[in-house]
């Protein structure tokens, strides 16, 4: 790769990181919007999938804490938001289980927060772990799995891993093209990312 091409790729990765706050905002919107509905839709996948110590009152309190973390993010207080999210995530893991939708949605927000702090490799690891669970539990074509692919594509693009980013972006764009709900709103951003990645690849 020429130095000039490398410079273009570097600029593209920087552009993706500049777009990360918008990606994280969407991550928060998806997670916050599914507290009440997602648990009923998800299959029971393990003995710890049902709440134990986490009563409805306790889950409502966690939702408030999640909203607090979102507010910290929007104020640019990323470190505080990350700490709050990790605390919430640990409670979800303990009380709802590793594969529960609420746990995974919280992990999505953590991944987005890592990305916005210019830590795309860590964010990629988080999103890949989420994808592995969602594919196993929900299937490879489920909108939640496909939306996770979009997150992975953003992380890879931010690291200038264009060919691999393109694979995940295309999977998200194609799979979400006819999706409805919050996940369906990612179809256009995913398609745009595909176009940007393809254009960047042609310029190499």
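The set of residues in the range 178-188 that are modelled with pLDDT of 80 or more, assigned to a helix (DSSP H, G or I) and buried (at least 19 other Cβ atoms within 10 Å of the Cβ) contains only 187. Selection within the range 148-177: residues that are assigned to a helix (DSSP H, G or I) and in contact (Cβ under 8 Å) with a residue 60 or more places away in the chain. The member of this set that is surrounded by the most Cβ atoms within 10 Å (Cβ to Cβ) is 154. Pairs please, first residue from the range 55-70 and over 14 Å from residue 102 (Cβ atoms), second anywhere and assigned to a helix (DSSP H, G or I) and at pLDDT below 85, Cβ atoms under 6 Å, 6+ apart in sequence or on different chains. Correct list of pairs: 70/28.
Scan the range 95-127 residue by residue and report those that are out of contact with any helix residue (DSSP H, G or I) (no Cβ under 6 Å at 6 or more places or on another chain), at pLDDT 90 or above and not in a loop (DSSP other than H, G, I, E, B). Listed by number, the residues that qualify are 121, 125. Only one of the numbered conditions (1) part of a helix (DSSP H, G or I); (2) more than 14 Å from residue 65 (Cα to Cα) is violated by residue 88, and that is (2).
The values are calculated or read from the model by the stated rules, or taken from the named source; none is laboratory data. Keep in mind that what you see is a predicted model, and the values were worked out from it rather than measured. Because the Cβ atoms are built from the backbone with ideal geometry, glycine has one as well, and the counts that use them run over all protein chains shown.
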